[in-house]
Amino acid sequence: MLERQSDRRTALITGITGQDGSYLAELLLSKGYEVHGVVRRVALEDPSRRLGRIASLLERVHLHAASLESFPSIYQVFRTVQPDECYHLAAQSFVSYSFDDEFSTLNTNINGTHFVLAALKDIVPTCRFYFAGSSEMFGRVEEIPQTENTKFHPRSAYGISKVAGFDLTRNYREAYGIHASNGILFNHESPRRGFEFVTRKITSGLARILKGEAKELRLGNLDAKRDWGHARDYVEAMWLMLQQKDPDDYVVATGITHSVKDFIEMAFAQVGMDPDEYVVSDPDFYRPAEVQLLIGNPAKAQSKLGWRAKTDFEGLVREMVATDCRGLGVEIPAKRSAEARR
Ligand code: G4F
């Protein structure tokens with residue numbers, strides 16, 4: 001167990017084992033924070049499989065077993081940690097799965113957020129709070145591009161659960177004076193993305209094809225458009241929100257949209273291959289209700305937080321393809337990668 005140091009700011013991250021949690025933990029450690037994370041007990045029992053993204057940080061972070069489904073367990077973590085800042089990232093975050101199990105998505109995501117806010121208010125009401133809202137709240141978009149003032153029209157249990165979390169966060173701010181901010185984050189990816197999300201499915205699938213382990217890549221709706229940024233950039237916006245004098249809500253996005261097809265073409269171009277020979281659009285991967293177009297306007301985050309996305313679309317795709325190829329021991333021929341960059 002690490003010693004607590006009273007002169008350092010203390011941050012608590014729910015979802016520390018995920019893509020965003022791992023980048024945020026690195027950022028906060030680099031800023032001198034004492035970092036605590038909430039993890040499920042099963043994760044502590046199976047660290048090699050479940051703590052992979054934070055493996056290099058394990059000596060420097062404090063982990064606490066708790067469940068978003070149990071208020072007493074969350075309450076106990078707040079009593080022990082007494083954080084100065086809390087980043088609530090944990091959720092059932094796979095939109096597609098929320099159609100298979102609406103009940104657990106709504107229960108975990110809505111109650112989990114409520115439990116965290118209620119414990120914070122009771123134990124450390126001065127703790128600053130960040131809620132991981134999502135562009136999925138915009139759903140069937142009412143305006144292009146989407147801003148902090150665009151009306152929500154969610155299209156899945158996941159999107160609905162995020163609207164509820166957003167409203168809970170705003171209500172704790174207005175009713176109880178908690179420094180509680182909502183980030184409305186558009187899609188953000190990285191080599192640490194889960195394999196079920198489309199970007200990682202594409203880059204890991206491509207690496208498997210190159211390795212000779214797969215012959216095709218089966219995907220769903222290739223026309224859907226997303227505003228894709230890099231997760232490493234987006235966690236900086238989370239931190240900046242909690243450094244402001246007043247809490248508020250912010251869109252975090254690049255302001256540029258691309259289709260799934262664009263992502264595929266960019267990924268295959270990195271290795272000089274023709275996607276038409278490998279990619280199959282399979283109706284089994286279509287969703288009952290699709291979010292067809294997302295594009296955010298990050299003007300408020302730019303002007304009030306001084307935040308900007310640093311990684312562009314090509315840089316993101318290139319990093320993901322290179323990491324997945326390296327992970328499988330696949331060489332990207334020098335000629336191919338040079339051509340791809342042209
Ligand atoms: O990568 P996705 O599964 O991400 P999605 O649904 O946009 O949600 C992600 O971003 C949200 C922010 O807007 C987060 F809140 C959320 O937690 C998550 O991180 O799908 C992106 C698009 C969709 O339109 C989907 O229909 O890709 C399309 N798609 C096409 N084929 C596919 C596939 N998605 C997946 N996962 N798998 C496919 O085979």
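The values are calculated or read from the model by the stated rules, or taken from the named source; none is laboratory data. Computed from a predicted model, the values in this text were never measured in an experiment. Don't worry about glycine lacking a Cβ; one is built from the backbone with ideal geometry, like all the others, and counts go over all protein chains shown.
Among the residues of this structure, Met266 does not count as one that is surrounded by 19 or more Cβ atoms within 10 Å (Cβ to Cβ), touching a residue at least 40 places away in the same chain (Cβ under 8 Å), out of contact with any Leu (no Cβ under 6 Å at 6 or more places or on another chain) and more than 30 Å from Ser204 (Cβ to Cβ). Residues that are charged (D, E, K, R) and within 26 Å of Pro83 (Cβ to Cβ) within segment 100-147 comprise Lys121, Asp122, Arg128, listed in sequence order. If only residues of segment 261-299 that are away from the ligand (no atom under 13 Å from the Cβ) and polar (S, T, N, Q) are counted, the one that is nearest to Ser135 (Cα to Cα) is Asn297.
Any residue at all in segment 305-324 that's more than 25 Å from Arg192 (Cα to Cα) and either within 16 Å of the ligand (Cβ to nearest atom) or modelled with pLDDT of 95 or more (or both)? Before you say what the answer is, go through the steps one by one.
Of segment 305-324, the ones more than 25 Å from Arg192 (Cα to Cα) are 305-306.
Keeping just the survivors that are either within 16 Å of the ligand (Cβ to nearest atom) or modelled with pLDDT of 95 or more (or both) gives 305-306.
Yes, because at least one residue in segment 305-324 is more than 25 Å from Arg192 (Cα to Cα) and either within 16 Å of the ligand (Cβ to nearest atom) or modelled with pLDDT of 95 or more (or both).
May I ask you to list the residues in segment 231-252 that are in contact with a His (Cβ under 9 Å, 6 or more places away or on another chain), outside any helix (DSSP H, G or I) and buried (at least 22 other Cβ atoms within 10 Å of the Cβ)? Residue satisfying the conditions is Val252 alone. Filtering segment 206-227 to residues that are more than 9 Å from the ligand (Cβ to nearest atom) and touching a strand residue (DSSP E or B) at 6+ places or on another chain (Cβ under 9 Å) leaves Leu206, Arg208, Ile209, Glu216.
Within segment 242-255, can one find any residue that is under 15 Å from Met320 (Cα atoms), within 16 Å of the ligand (Cβ to nearest atom) and in contact with a strand residue (DSSP E or B) (Cβ under 9 Å, 6 or more places away or on another chain)? No - not one qualifying residue is present in segment 242-255. Here is a check on your reading of the model: is Val38 on the phi < 0 side of the Ramachandran plot and not in a helix (DSSP H, G or I)? Yes: the conditions hold for Val38.
Residue check: Gly194 meets all listed conditions (1) closer than 30 Å to Phe268 by Cβ; (2) assigned to a helix (DSSP H, G or I); (3) among the small types (Gly, Ala, Ser) but one, namely (2).
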